[in-house]
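The values are calculated or read from the model by the stated rules, or taken from the named source; none is laboratory data. Note that the coordinates shown come from a computational prediction; the quantities given were computed from them, not determined experimentally. Glycine gets a Cβ as well: all are built from the backbone with ideal geometry, and neighbour counts include every protein chain shown. The accessibility values were calculated without ligands, DNA or RNA, using every heavy atom of the protein model including side chains. Shrake-Rupley method; radii C 1.70, N 1.55, O 1.52, S 1.80 Å.
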Amino acid sequence: MPGLAAQTGSGALGGVRVLELGGGVAVAYCGKLLTDQGADVVKVEPAEGDALRSWRASDPDHRAPGTSALFRYLNTSKRSVTVAGAALDTLVPWADVVVAGDGAPSTQAGSGTVVVSLSAFGPDGPLAGTPWTELTLQGWCGSISARGFPDRPPLQQGGRAGEWLGGATAAFAALAGISHRAAHGVAPRLDVPLLEVMAVCLVTYPTLYRDFTGAAAALSQRGSDYPSVERCKDGWIGLCLFSAQQWADFAVMIGRPELAEDTRLNSMAGRGRNRDLARSVIDPWLADHTADEIFELGGLFRVPVSYVGNGRTLPEMEHFRERGVFVENPGGGFIQPRSPFLMSATPVVALRPAPEVGADTDAIRAEAAAVTPPAPAAPDWERDPTPRERPLAGVTILDFTAYWSGPAGTHLLCALGAEVVKIESFKRPDGIRFGTVAPPEQSDWLERSPIYQGANPGKRSVAIDVTTPEGRDLVLRLASRCDGVWENFTPRVMGNLGLTYEDLRAVNPGVIMVRIPGFGLEGPWRDHAGFAQTMEQVSGMGWLTGYADRNPLVRTTCDPAAGVHAAFAFLCAVHHRRVSGEGQLIEMPMVEVALNIAAEQVVEQSAYGRLLDRDANRGPVGAPQGVYPCAGEEQWVALAVVDDDQWVRLCALLPDGAWGRSPELVTRAGRRTAHDRIDAELAKWLSGQDRDAVVRDLTAAGIPAAPVWPQTHIDAQPQLVHAGFFQTVGHPTIGPVGYPGIGVRSDAVDTSFTGPAPLLGQHTAEVLAGMLGCSDAELAGLAERGVVGLR
């Protein structure tokens, strides 16, 4: 694996043809993921070019010189055409997949073309067609409501993470569609609403926390984990003390071992209740130590510690330099993160410069003319209803992953029909089970972790002690009958268990192994412990979130982000195996996924010498842009004015809008300069308004606005209710559980959950009997020797 990153080839998706319609980050990132894996992606642009060609986050009110760096990063290796109307329709039969974003030109897809529609809210429902920005979608999905501090307005997550994750989910959906076509002969249409993606990825199962605890009010309070990103002697340092064991190790590390059992401090909740006490213990120690010293100690004591990265510092970090994570853009002039996927059989393709506007129009028209279009589809009233099928029916995955990142990925595959066999043991269950909200004296306490429940519906749990020779043998026998094996431990674990890729390939040459180490299988930080918070701290994801005068804030977006990227990579490998019969090893470091989501920071710094920074709810997209209080307690509106026409319409709604028509405010640049003054005026107006009524008025006038929806009640959000986003499934001990969806829906593809999250060891007997033919007597003997656990 060490030399794998430098290799290039035709990619796992060689021969797959994609039309990319529409602008924006999400559509472009979807296309980038596909083209990096070898797909031939053709970008359909207007004659004047995609708007991202002129975008520059560090100077958003002026056109970027030439073609912008962000456009060139997102569009390497693609081709460009400028066609519309009937001419565009003639290209569709050429494509295996059409990816269409909000505002994309309409086209008629043929019966053999998979269509992925990437929109803000989906094709129908009460919010369909509502004007939006990333800020307002974060308001609608509940992400803003619990971020920040009580003495200030609630906060957005900076950096447009929702749009990047929407692009990744759309790429996953495209391959789900290709798998569906291969399995069932039907090319489906799949909808990827950004709102639903963000309701999965930007909040942490708040409705499950509410239902399991009844503590909705407490969960909605703004606050920050402590310690997280904190000041040290020479700057910032990132910490993540998720468990009591991590706190105990940290207490020893700072020379205060007596605090290990202090119940006021040995949990996140305890430190939140006793923040002043916790700060009195931790802050002085941090102030006496440099970031380098703390990072080194974290490695020695296995405490999750990270540097705090941004666009300027990331390329200089030793680990990323040694792994070759940052590469030159093929068009020259700046560096960018490489693809996060290291594929043993299908390395990513060599990058080519982003295309000029319409450079390939004639060539693509000629290629499309040579394609025989399929027979026209029958009118809707003549068609038989297409049964909803599952594209991955028959695919079996052995899942060693724990916590959230890996389980989030296999959860997506399970929803598409894969049989996911979750390997745990009664000695070492999935660690996120200990994030339970039930007391240990409750008989089913290990089943009441909201994150465990949210990330594992429909899977089967098999309890095997893989540290025993018999347990290892059982796992290898299972692996010989599986299509994929997933794990997200630190690199040494699978080797210590004798379950490396080579071990698995020896019993199953076609196996696809997915490894999700925090920092990679090689490199100086290889063995450092890390959680999602760690990756967000070091990658720059956290740098853009927070108030300008306070520390960066992180929330665990990186776990579901890693999950959807890993699921995409697995489907790439499935497609390659379908064509070639060849399995492979996929290494996907969690931190490299985070670096791709935060790529704009390094790209802007490298190309223009400008450091992007956090600024509360302001940002480059809108001016004004913010979160403002309305009438009533904790009633907030998220509002973003994107262009000058929207500003005129906003002024028309104000009781005295004449001030807004002053010459210095008619342009976005002028409004950005006067942002403080505008915020004061808007706050004065909105403070007397009913939240929902003013949102209706604003959006009816074409202005992006949203209520800051309380995250613990997003199951009552009208658009999500209309979409049937939450699925209620009966659990054997908890009762009905409302599980959030996966961010992908379709009339042709069945994504309903087949069951609840499994009890620990619930399916040991049936899986070992069904897959390996174990008799009752054999199972009883294995259980008696402690090799397996039977419920």
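Per the listing Pro340, Pro347, the residue uniquely in contact with a Leu (Cβ under 8 Å, 6 or more places away or on another chain), in a loop (DSSP other than H, G, I, E, B), closer than 27 Å to Gly581 by Cα and modelled with pLDDT of 95 or more is Pro340.
Among the residues of region 280-300, are any at pLDDT below 95 and in a loop (DSSP other than H, G, I, E, B)? Scanning region 280-300, I find no residue that is at pLDDT below 95 and in a loop (DSSP other than H, G, I, E, B), so the answer is no. For region 417-452, the set of residues classified as surrounded by 24 or more Cβ atoms within 10 Å (Cβ to Cβ) and either in a loop (DSSP other than H, G, I, E, B) or among the polar types (S, T, N, Q) (or both) consists of Ala418, Asp430, Ser449, listed by residue number.
Output the number of residues of region 770-790 satisfying the condition of being in a helix (DSSP H, G or I) and within 36 Å of the chain's Cα centre (by Cα).
Residues of region 770-790 in a helix (DSSP H, G or I): 770-772, 776-784.
Keeping just the survivors that are within 36 Å of the chain's Cα centre (by Cα) gives 770-772.
Total meeting the criteria: 3.
Restricting attention to region 54-78, and to residues there that are of a type in the set (Lys, Arg) and either modelled with pLDDT under 95 or over 17 Å from Tyr29 (Cβ atoms) (or both), which single residue is most open to solvent (accessible area, probe 1.4 Å)? Outline the logic, then answer.
Just the residues of region 54-78 that are of a type in the set (Lys, Arg), to begin with: 56, 63, 72, 78.
Of the ones still in play, those that are also either modelled with pLDDT under 95 or over 17 Å from Tyr29 (Cβ atoms) (or both) are 56, 63.
Details: Arg56: 38, Arg63: 174 Å².
Looking at residues that are of a type in the set (Lys, Arg) and either modelled with pLDDT under 95 or over 17 Å from Tyr29 (Cβ atoms) (or both), I get Arg63.
When Pro227 is tested against (1) in a loop (DSSP other than H, G, I, E, B); (2) under 28 Å from Ile734 (Cβ atoms), exactly one condition is not met: (2). Look at (1) surrounded by 21 or more Cβ atoms within 10 Å (Cβ to Cβ); (2) modelled with pLDDT under 95; (3) outside any loop (DSSP other than H, G, I, E, B); (4) not charged (D, E, K, R) and you find that Gly159 fails only one, number (3). Restricting attention to region 80-89, which residues are open to solvent by 40 Å² or more (accessible area, probe 1.4 Å) and at pLDDT 95 or above? Correct list: Thr82 only.
So, in region 205-217, of the ones that are part of a helix (DSSP H, G or I) and open to solvent by 60 Å² or more (accessible area, probe 1.4 Å), which residue ends up modelled with the highest pLDDT?
Residues of region 205-217 part of a helix (DSSP H, G or I): 206-213, 216-217.
Those left that are additionally open to solvent by 60 Å² or more (accessible area, probe 1.4 Å): 211, 213, 217.
On the way: Asp211: 94, Thr213: 89, Ala217: 54.
The qualifying residue modelled with the highest pLDDT is Asp211.
Name every residue in region 472-493 that is hydrophobic (A, V, I, L, M, F, W, C), assigned to a helix (DSSP H, G or I) and closer than 22 Å to Leu782 by Cβ, in order of residue number.
Step one: list which residues in region 472-493 are hydrophobic (A, V, I, L, M, F, W, C), which gives 474-476, 478-479, 482, 485-486, 489, 493.
Among the residues that remain, those that are also assigned to a helix (DSSP H, G or I) are: 474-476, 478-479, 493.
Listed by number, the residues that qualify are Leu474, Val475, Leu476, Leu478, Ala479.
The single condition among (1) modelled with pLDDT under 95; (2) open to solvent by 30 Å² or more (accessible area, probe 1.4 Å) that Ala748 does not meet is (2).
Pairs meeting the criteria (first residue in region 391-414 and over 15 Å from Arg433 (Cβ atoms), second residue open to solvent by less than 10 Å² (accessible area, probe 1.4 Å) and of a type in the set (D, E, K, R), beta carbons under 6 Å, at least 6 apart or on different chains) are Thr410/Asp399; Cys414/Lys459.
Out of all the residues in region 179-195, which are open to solvent by 10 Å² or more (accessible area, probe 1.4 Å) and in contact (Cβ under 8 Å) with a residue 40 or more places away in the chain? If you could, list the steps in order and put the result at the bottom.
Within region 179-195, the first condition is being open to solvent by 10 Å² or more (accessible area, probe 1.4 Å), and the residues that meet it are 181-187, 189, 191.
Within region 179-195, Arg181, Ala182, Ala183, His184, Val186, Ala187, Arg189, Asp191 meet the criteria.
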